[in-house]
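We did not get these values from a lab; they are worked out from the coordinates using the rules stated. What you see is a predicted model, and the numbers here were worked out from it, not measured in a lab. Counting neighbours? That spans all protein chains shown, and the Cβs are built from the backbone with ideal geometry, glycine included.
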Amino acid sequence: MNILVIGGGGREHAIAASLSKSPLTKKLVVAPGNPGIEMFAQCYPIAADDIPGQCKLAKDIRADFVFIGPEIPLVLGLKDELLKLGISAFGPSKKAAQLEGSKTFSREFCKRHNIPQPEFKYCTDIKTAKKQIELLNGYCVVKADGLAAGKGVVVCDTVNHAIIEATEILENNKFGEAGKSILIEERINGIEASVFAVSDGDTAVLIGTAQDHKRAYDNDQGPNTGGMGAISPAPALNQSLNREIFNDIIMPTVHGMKSEGNPYEGILYAGIMVTDKGPKVIEFNCRFGDPETQVVLPRLNTDLVKIVQKTISKNLKNMAVNFIPQKAITVVIASNGYPGEFEKGIVLPSLNEFKNKTEISVFHSGTKKDENENLVSNGGRVLSITSIGDNIQECRQKAYNIVEAINWKQGFYRKDIGKL
Ligand code: AMP
Ligand code: GLY
């Protein structure tokens, strides 16, 4: 098979690595890719959101399918454009991707289908927002409706703070179009988990669970980031909770999307809070998580290409997805300053000695080669070090040994990923 993967982060490195292991893969192309991916796949410098560019590439390489990694091309309708050219794609259509692209759509959808979630209020003006914030005594979450690169959600404790945030988004256009409307949500408490399912539009199957570590610093301090590390499976979940999430959240979503004429095909990522009233949806994403993919896919013991084929042919029913019994953790090494301002183009230590290690993977998140062919940083999150082991303690030891050996002085990492 000829496969094109769209994206160039740690998630896509992990996706491409899994696809490359399949005996069904003949040609693997990634765009834009990164120097880590370049070691085993052909990369083309086409941006993930360049829809015409990606369509042309898919045609040129005669792709049997395109695996769309990030949310932006999905929300922009890359799948729909590829289908017009007769090219199959793994990922939801533009309309189905609204589950992530519009938080309001997603909340209203869950309400229509009785999917458990926090109470919410849709607001387009500050007066309505203030009223709702006061009703909740400021103990609430303020969310920009659209995509805001993970920065559009603020968890608040006080009326003052919530009003300031709502004003910034609604009146001062902090997120532009993405903040034309906001949600004020009831703030719920519990342990979070990321649940990944794959759906062919009719049915779904769980493909892994993980716990993300979103805050920048140890002990969940500091600002929210895209994720500073993850472990799989999610410690907050067990078989019975997985079943409950599958039956009460995943399947009603798949049936609901189909009944509304927007069948959902691809990865459905449910961000869950396990509360004392059961699991509730914090958000849906229409793609794999980053860095969760770097722990979910290394545990997958079923050919990812086969899973994609069965999804595209709407044949997922009765597909058994297996996992290795071991656990996985990933530790992200980020640029100093992330998630605020940071420098790019800083030379990274050589990673050669970490190639070909068993049960260890060094995924590239934000790296590139400079004009002198040096490997340099090219993003907030730079590397993601995954290890597999019989227990989380063993995983931690292996992953942190590598993180310390890499010893990149201009970066930082959390020391408590997977600390129980
Ligand atoms: P999101 O970008 O929607 O994943 O939200 C970022 C983080 O905000 C989540 O991981 C949660 O920790 C928190 N959060 C979002 N919505 C709520 C809510 N309704 N109640 C409590 N925490 C929330
Ligand atoms: N790690 C969170 C996300 O991928 O959205």
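Points worth noting:
- For the stretch 167-210: rounded, prolate or oblate by the Cα gyration tensor [a/c cutoff 1.5]: prolate
- Seen through its C-alpha gyration tensor, with square-root eigenvalues sorted a ≥ b ≥ c, the stretch 1-144 comes out prolate because a/c lies at 1.5 or above while a/b is bigger than b/c.
- Translational D in µm²/s for the stretch 369-420 (Stokes-Einstein at 4 °C, 1.567 mPa s, Kirkwood Rh from C-alpha pairs): 102
- Compared with the alpha-carbon gap, the fully stretched path from residue 219 to residue 40 is longer by 60.8 nm at 0.36 nm per residue.
- Taking a Cβ cut-off of under 10 Å around residue 387, the surrounding Lys, Arg, Asp and Glu residues balance to a net charge of +2, with basic ones at +1 and acidic ones at -1.
- For the stretch 211-264 and the stretch 26-75, distance of Cα centres in Å: 26
- Rounded to whole Hz, the Karplus (6.51, -1.76, 1.60) HN-Hα couplings of the stretch 205-219, x for glycine and proline: 9, 6, 10, x, 9, 7, 10, 8, 10, 7, 6, 5, 10, 3, 6
- Qualifying aspartates and glutamates (Cα of each under 18 Å from Cα of residue 127; at least 8 residues distant if same chain): 145, 165, 168, 171, 185, 186
- Under the simplified labelling scheme, the residue 127-residue 168 pair shows an inter-label distance of 2.5 nm, with each label point 7 Å from Cα along Cα→Cβ.
- Kirkwood Rh in Å, taken over all unlike Cα pairs in the stretch 338-382: 11.6
- Length-normalised contact order for the chain - Cα pairs under 8 Å, 6+ apart - percent: 16
- Residue-by-residue Karplus 3J(HN,Hα) for the stretch 24-33, coefficients 6.51, -1.76, 1.60, Hz, glycine and proline x: 7, 7, 9, 10, 10, 10, 10, 9, x, x
- Neighbourhood net charge (12 Å Cβ-Cβ; Lys/Arg +1, Asp/Glu -1) for residue 192: -1
- Neighbour-count ranking [beta-carbon atoms within 10 angstrom, fewest first] of 57, 383: 57, 383
- Take every Cα pair under 8 Å whose residues are at least 6 apart in sequence, average their separation, divide by the length of the stretch 341-420, and the relative contact order is 29 percent.
- Listed values for the stretch 128-140 are Karplus-derived 3J(HN,Hα) couplings in whole Hz (6.51 cos²θ - 1.76 cosθ + 1.60, θ = phi - 60°), namely 4, 4, 4, 4, 5, 4, 5, 4, 8, 6, x, 7, 8, and x replaces Gly and Pro.
- In terms of the mean number of neighbouring beta-carbon atoms within 10 Å, the peptides 238-244, 11-17 order highest first as 11-17, 238-244.
- Net charge in the neighbourhood of residue 288 (other residues with Cβ under 11 Å of its Cβ; Lys, Arg +1, Asp, Glu -1) is -2.
- The chain shape via C-alpha gyration tensor axes, a/c threshold 1.5: rounded
- Whole-Å semi-axes of the stretch 255-303's equivalent ellipsoid (Cα gyration tensor): 22, 19, 10
- Separation of the stretch 151-189 and the stretch 89-129, taken as the distance between their Cα centroids, equals 16 angstrom.
- Out of every Cα-Cα pair that the stretch 136-289 contains, those further apart than 19 angstrom amount to 59 percent.
- Above-threshold pairs, the threshold being 22 Å between Cα atoms, out of 103/306; 56/79; 143/180; 21/214: 103/306; 21/214
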